[in-house]
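The values are calculated or read from the model by the stated rules, or taken from the named source; none is laboratory data. Because the structure is a prediction, the values reported are computed rather than measured. When we count neighbours, we look across all protein chains shown, and the Cβ atoms used for this are built from the backbone with ideal geometry, even at glycine. Surface areas here come from the heavy atoms of the whole protein model, side chains and all, with no ligands, DNA or RNA. Shrake-Rupley method; radii C 1.70, N 1.55, O 1.52, S 1.80 Å.
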Amino acid sequence: MAAGIAEEWLMRFCVLSILLKLLQNSRYQIIGAVLLDGLIFGILHIANLIEQPIPATIYK
């Protein structure tokens, strides 16, 4: 449970904050930051496919 909480804190607070600052002069600051954050989150979870089957990765 601690890993999940730490992961969410890292992605939703730290990474999202950095992306919002990087895109602060962009017209689509919020949507761009949220989409990039989700993309990074998804890419990081591709590593799960090495250790477990696809259904377990999707439904976890």
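Per the listing Gln24, Gln29, Gln52, the residue uniquely among the polar types (S, T, N, Q) and in contact with a helix residue (DSSP H, G or I) (Cβ under 7 Å, 6 or more places away or on another chain) is Gln29.
Every condition in (1) surrounded by 11 or more Cβ atoms within 10 Å (Cβ to Cβ); (2) under 16 Å from the mean Cα position of the chain (by Cα) holds for Ala56 except the one numbered (2).
In the stretch 18-39, of all residues being of a type in the set (Gly, Ala, Ser) and within 14 Å of the chain's Cα centre (by Cα), the one that is most open to solvent (accessible area, probe 1.4 Å) corresponds to Gly38. Within the stretch 46-60, the set of residues being closer than 25 Å to Phe13 by Cα and modelled with pLDDT of 80 or more comprises Ile46 only.
On the given criteria, is Ile5 of a type in the set (Val, Ile, Thr), surrounded by 10 or more Cβ atoms within 10 Å (Cβ to Cβ) and in a helix (DSSP H, G or I)?
Details: of a type in the set (Val, Ile, Thr): yes; surrounded by 10 or more Cβ atoms within 10 Å (Cβ to Cβ): no; in a helix (DSSP H, G or I): yes.
For Ile5, the condition - of a type in the set (Val, Ile, Thr), surrounded by 10 or more Cβ atoms within 10 Å (Cβ to Cβ) and in a helix (DSSP H, G or I) - is not met.
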